[in-house]
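Engineer: Sharing a structure here in structure tokens format.
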Amino acid sequence: MNTALHHQSLHQLVSDDHERAYVLHYLGIPFYRQWDHTLAQACQPLGIRPEQVELEWQQPRFGWESGDVPLAGVPVELIIQYLRYTHTIFVKHKLPYIGRLVESFQAHHPEYDSIARDMKVLYPLFREDFIHHIYQEEDTLFSYILELDRAVRHQSPATRLFFKLERYSLQQLALDHEVHDDEMAGIRHITHNYRLTDTAPLHVKVLYTELQQFEAALQAHARVENNVLFPKAMTLESQVRARLFNTVRHN
């Protein structure tokens, strides 16, 4: 353990590594109101040992941000489990944390005061729309693909999908999905593509770091859906359609 860290200010600690801010938030330390506190001072009222914070800083983060998870040869059911896991991370961890950063965003800086005001309006709308999109995707798209997968594996009769095959087209859903992939365009616009001046406050740097990482995670998520899930799902859909055609032809 590096006990010297315990006596550094939160401002210095987070300046050295912006990702440390998430651990402080996760442990209940409101770093954005205590920049001048040392780590030991911030921990003491909460009954947290500085060593505990330091250990958390050394742990790897969620591990899905890069999108380098090898999923090409993985069954559809497991791909959807992975995507649902990332949805949970988005909704339960990333979005609330970014929301707290936005709520506490007091720039006190002429270059960022208007951005702080705009973010307080835009971010809640973005979060609500994003969560709605996720739940709609899970309830509609994922459920449909899993039904196709069960039918192909003879765990469910293909005839049960007759009307859904008439109603849905995965090719069209894939095209629509690509159109809506750039969900953070509005946030990029008001932050001028996360542009930081030399005098940008630390809070702004932490917020922009999280927004950029979240956008990278969304892009990785979209690549899995567009490049892995949809091609596999369209193959399943074609197999189920062929099976239904053969059933009708032989009756």
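Engineer: Give me the pairs, please: first residue somewhere in the range 117-146 and over 18 Å from P96 (Cα atoms), second residue anywhere and open to solvent by 20 Å² or more (accessible area, probe 1.4 Å) and of a type in the set (F, W, Y), beta-carbon distance under 9 Å, and either six or more positions apart or on two chains.
Structural biologist: T140/Y168; L141/Y168; Y144/Y168
Engineer: Next up: Among the residues of the range 183-218, write down those that are among the polar types (S, T, N, Q) and either surrounded by 15 or more Cβ atoms within 10 Å (Cβ to Cβ) or free of Cβ contacts under 8 Å to residues at least 24 places away in the same chain (or both).
Structural biologist: T191, N193, T209, Q212, Q213, listed by residue number.
Engineer: Of the numbered conditions (1) open to solvent by less than 40 Å² (accessible area, probe 1.4 Å); (2) more than 12 Å from V240 (Cα to Cα); (3) modelled with pLDDT of 70 or more, H177 satisfies every one except a single condition; which is it?
Structural biologist: Status for H177: all satisfied but (3).
Engineer: In the range 1-43, which residues are aliphatic (A, V, I, L, M) and farther than 22 Å from G99 by Cα?
Structural biologist: Passing the criteria: M1, A4, L5, L39, A40.
Engineer: Something else about it: Do we find a residue being closer than 25 Å to L10 by Cβ, of a type in the set (G, A, S) and either in contact with a Phe, Trp or Tyr (Cβ under 7 Å, 6 or more places away or on another chain) or not in a helix (DSSP H, G or I) (or both) anywhere in the range 182-197?
Structural biologist: no
Engineer: Continuing with this model, one more query. With the requirement that a residue be touching a Ser or Thr at 6+ places or on another chain (Cβ under 9 Å), assigned to a loop (DSSP other than H, G, I, E, B) and surrounded by 14 or more Cβ atoms within 10 Å (Cβ to Cβ), what does the range 1-29 give you?
Structural biologist: If the condition is that a residue be touching a Ser or Thr at 6+ places or on another chain (Cβ under 9 Å), assigned to a loop (DSSP other than H, G, I, E, B) and surrounded by 14 or more Cβ atoms within 10 Å (Cβ to Cβ), then Q8, H18 are the ones that fit.
Engineer: Continuing with the same structure: Just name the residue that is farthest from the chain's Cα centre (by Cα) out of those in the range 219-243 that are aliphatic (A, V, I, L, M) and open to solvent by less than 20 Å² (accessible area, probe 1.4 Å).
Structural biologist: Filtering first and then ranking leaves V240.
Engineer: For the range 44-55: of the residues being under 23 Å from E103 (Cβ atoms) and part of a helix (DSSP H, G or I), which is least open to solvent (accessible area, probe 1.4 Å)?
Structural biologist: V53
Engineer: How many residues are surrounded by 15 or more Cβ atoms within 10 Å (Cβ to Cβ), closer than 30 Å to T235 by Cβ, within 22 Å of the chain's Cα centre (by Cα) and not acidic (D, E) when one looks only at the range 117-145?
Structural biologist: The total comes to 5.
Engineer: I'm trying to understand the selection: among the residues of the range 146-156, which are surrounded by 13 or more Cβ atoms within 10 Å (Cβ to Cβ) and not hydrophobic (A, V, I, L, M, F, W, C)?
Structural biologist: E147, D149, R150, S156 - these are the residues of the range 146-156 that are surrounded by 13 or more Cβ atoms within 10 Å (Cβ to Cβ) and not hydrophobic (A, V, I, L, M, F, W, C).
Engineer: Let me ask another. Taking the range 96-116 on its own, how many of its residues are open to solvent by less than 90 Å² (accessible area, probe 1.4 Å), touching a residue at least 40 places away in the same chain (Cβ under 8 Å) and under 23 Å from G28 (Cα atoms)?
Structural biologist: Adding up the residues that qualify gives 7.
The values are calculated or read from the model by the stated rules, or taken from the named source; none is laboratory data. Note that the structure is a prediction, hence the values are computed from the model and not measured. Methodologically, a virtual Cβ is constructed for each residue, glycine included, from the backbone with ideal geometry; neighbour enumeration extends over all protein chains shown. Each accessible area value is taken on the protein alone, full model and side chains, heavy atoms only, with ligands, DNA and RNA left out. Shrake-Rupley method; radii C 1.70, N 1.55, O 1.52, S 1.80 Å.
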